[in-house]
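Presented below is the structure to which this report refers.
The values are calculated or read from the model by the stated rules, or taken from the named source; none is laboratory data. Being a predicted model, the structure only gives us computed values, none of them experimental. Heads up, the Cβs are rebuilt from the backbone with ideal geometry, glycines too, and the neighbour counts pull from every protein chain shown.
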Amino acid sequence: MKNEFMTLKNQLGENFSIDITPLFPGVEAAYIEFDTNNFSVRHQHGSMENIIQINYCKAGQMEWKMSDDNHIYLNPGDFSVHTMNACTNSVITIPEGKYTGLSIQIDLSEADIPDFIERELILSLPDKLCKNNTVAFLSGNEETESIFSAFYNKPDKLRLPYQRLKVIELLLYLHKPELLDNNKLNGVQSDIVDIIHSIHDCLTSQINERPTIEALARQYHINPTTLKSAFKVVYGNSIAAHIKEHRMEKAARLLRETDMSIAQISAAVGYDSQSKFTSSFKAAYKVLPREYRKNHK
């Protein structure tokens, strides 16, 4: 099971880190971090139908381009379940070059979990979630976050017991009858993804402007509802919230690197009211713009 990750390690060197922890015979947890400073990392692997992989996104984003040209995005809190046979024709991309996540791998031929969990519970996962070599992409919720978050930030003496307990809890959760109906993530076709990327580039390159959804939809020949829903899938947030993050990041950079006045910076990032800009900046950085500049000069 380690070969897939070692291949990535050899390709990316210090830009990819991994910490693999054996939990039970045939069951491993791999803590993964990409920091490539590139737009994407692409990786494909061979077929391993006896292995189930569960990928949890803690931070960043992971993009899957499936063989049917559908793009699925794992954003923080989301997770996927599949056999290592199901994803051989997919391409995994780290769009922003940064990703932190957990990968749990279960070798069905070797997995040996305590007797109170029936082996059939594990062996039935492919039929339940991965029929016909599909991948189950699932949105996170409070229950799954309580499971996955417990894999992190535990004292050394308690770390392994917590990991073992939470793997068992996760396996039980994955057998909920309504799981696929209530948690399935939607995908976006490649042509729509290309449009969304173009709209994103337009908005971030002209951050001082505020075009409406309707104007963008007309310009890029896309339905406004499709635009809003697809943007949220691709970037993990609404257009307004995502672009606001970019506005605040640019404002912070201008405060650090230039002598522009607060009013000039406010206008440069698309605010016609300095008071609204100041309020938004404080909400984002917990300090007023002038205080931020003073602290970073």
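Is it the case that some residue within segment 265-274 is loosely packed, with under 14 Cβ neighbours inside 10 Å, of a type outside the set (S, T, Y) and more than 30 Å from S139 (Cβ to Cβ)?
Taking every residue of segment 265-274 in turn, at least one turns out to be loosely packed, with under 14 Cβ neighbours inside 10 Å, of a type outside the set (S, T, Y) and more than 30 Å from S139 (Cβ to Cβ).
Can you run down the residue pairs with Cβ atoms below 6 Å, 6 or more apart or on separate chains, where the first is in segment 156-181 and closer than 14 Å to I104 by Cβ and the partner is aliphatic (A, V, I, L, M) and in a helix (DSSP H, G or I)?
Correct list of pairs: K166/I147; E169/I147; L170/I147.
Taking segment 190-203 only, how many residues are polar (S, T, N, Q), at pLDDT below 95 and under 24 Å from A240 (Cβ atoms)? Outline the logic, then answer.
So in segment 190-203, the residues polar (S, T, N, Q) come out as 190, 198.
So of that shortlist, the ones also at pLDDT below 95 come out as 190.
Narrowing the set further to residues that are under 24 Å from A240 (Cβ atoms) leaves none.
Of the residues in segment 190-203, 0 are polar (S, T, N, Q), at pLDDT below 95 and under 24 Å from A240 (Cβ atoms).
Could you please let me know if V234 is in contact (Cβ under 8 Å) with a residue 60 or more places away in the chain, in contact with a strand residue (DSSP E or B) (Cβ under 9 Å, 6 or more places away or on another chain) and at negative phi?
yes
Can you name the number of the only condition in (1) in contact (Cβ under 8 Å) with a residue 24 or more places away in the chain; (2) of a type in the set (S, T, Y); (3) out of contact with any strand residue (DSSP E or B) (no Cβ under 9 Å at 6 or more places or on another chain) that S146 fails?
(1)
With D78, D68, D107 as the choices, which residue is acidic (D, E) and in contact with a Leu (Cβ under 8 Å, 6 or more places away or on another chain)?
Details: D68 fails: in contact with a Leu (Cβ under 8 Å, 6 or more places away or on another chain); D107 fails: in contact with a Leu (Cβ under 8 Å, 6 or more places away or on another chain).
Just a single option satisfies the conditions, and that option is D78.
Please find, among A268, A215, A283, the residue that is under 30 Å from C57 (Cα atoms), of a type in the set (G, A, S) and out of contact with any Lys or Arg (no Cβ under 7 Å at 6 or more places or on another chain).
Just one listed residue meets the conditions, A283.
Restricting attention to segment 17-34, which residues are among the hydrophobic types (A, V, I, L, M, F, W, C) and out of contact with any strand residue (DSSP E or B) (no Cβ under 8 Å at 6 or more places or on another chain)?
Answer for segment 17-34, where residues must be among the hydrophobic types (A, V, I, L, M, F, W, C) and out of contact with any strand residue (DSSP E or B) (no Cβ under 8 Å at 6 or more places or on another chain): just F24.
What residue, of A240, A215, is more than 21 Å from the chain's Cα centre (by Cα) and either farther than 30 Å from S146 by Cα or loosely packed, with under 15 Cβ neighbours inside 10 Å (or both)?
None of the other options fit; the residue is A215.
Yes or no: segment 113-132 includes at least one residue that is within 21 Å of the chain's Cα centre (by Cα) and of a type outside the set (V, I, T).
For segment 113-132, residues within 21 Å of the chain's Cα centre (by Cα) and of a type outside the set (V, I, T): present.
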